[in-house]
Amino acid sequence: MSEPRRAPRLVVNAPAVIESIGQASMQLHPNLARVFRRVDADKSSVGTKFPAMIRDLSTNGAFVSGAPLPLMSRVAIKFELKGVGTVDAIGWVLWQRMDDCEVPGPEGNTPLPKGFGVLFEAIPMETRAAIAALVSRIGAQ
């Protein structure tokens, strides 16, 4: 199976706190409001805060193992990453795995836990650079 992801991933097992935060409303001039469209964050889970595990990480996003949040939820993520420190990021839930499953492969079945994929919207540049350095250093081993 080829790797379809654009950014190399780092396998991690980092406890995290996830909070569904929604997004601020915008007041637009009536002329702009008539022609302006945007994707709105899911509001059904706003205020939900729970512990989870970051299972893989890239400069662009992460897989969060735990109860899936609704698609297009906007989330705040906080976790510790060895060699980097505290990671604070904001992102969007772009996909869900609703339950644990197994995928057959050449070396046996691969278990995949339930959870969701987050695309980072905001993460400090120095944190993104530190993640990139970790990914390249571990990938080169």
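Only one of (1) 50, 25, 25; (2) 46, 42, 18; (3) 58, 34, 29 was calculated from the structure for Cα extents along the principal axes in Å, and its label is (3).
Name the residue, out of Gly117, Gly105, Gly83, whose mean-square fluctuation peaks in a Gaussian network model built on the chain with Cα pairs under 10 Å. Fluctuation is largest for Gly105.
Modelled this way, with points 7 Å down the Cα-to-C-beta line, the labels at Lys114 and Glu102 are 1.9 nm from one another. Positive end of the charge dipole of the chain (Lys, Arg +1 and Asp, Glu -1 on Cβ, about the Cα centre): tell me which of Ala52, Val84, Pro15 has its Cα farthest that way. The residue sitting farthest along the positive end of the dipole is Val84. Since only Ala24, Leu112, Ala129 are under comparison, the one whose Cα sits farthest along the positive direction of the charge dipole of the chain, derived from C-beta charges on Lys, Arg, Asp and Glu, is Ala24. Residue by residue, segment 61-77 carries 3J(HN,Hα) couplings of x, 8, 9, 10, 8, x, 4, x, 8, x, 4, 6, 6, 9, 10, 9, 10 Hz when phi is fed to the Karplus relation 6.51 cos²θ - 1.76 cosθ + 1.60 (θ = phi - 60°); x denotes Gly or Pro. Placing unit charges on the Cβ atoms only, positive for Lys and Arg and negative for Asp and Glu, gives the chain a dipole magnitude near 420 debye about its Cα centre.
In whole Å, what is the distance between the alpha-carbon centres of segment 92-134 and segment 29-74? Distance between centres, Cα-based: 15 Å. Annotation for segment 103-141: GluC sites (Glu not before Pro) lying in DSSP loop with at most 12 further Cβ atoms inside 10 Å of their Cβ are Glu107. Once the Cα atoms are used to define both axes, helix 125-139 deviates from the longest principal axis of the chain by about 20 degrees.
In the chain, the sites counted are trypsin sites (Lys or Arg not before Pro) in DSSP loop states with at most 12 other Cβ atoms within 10 Å, and the longest stretch holding none of them, exclusive of the sites, is 83-141.
Taken together, the values in this text are just the output of simple stated rules run on the coordinates, not laboratory data. What you see is a predicted model; the values in this text were computed from it and never measured. Virtual Cβ from ideal backbone geometry, glycine too; neighbours counted across all protein chains shown.
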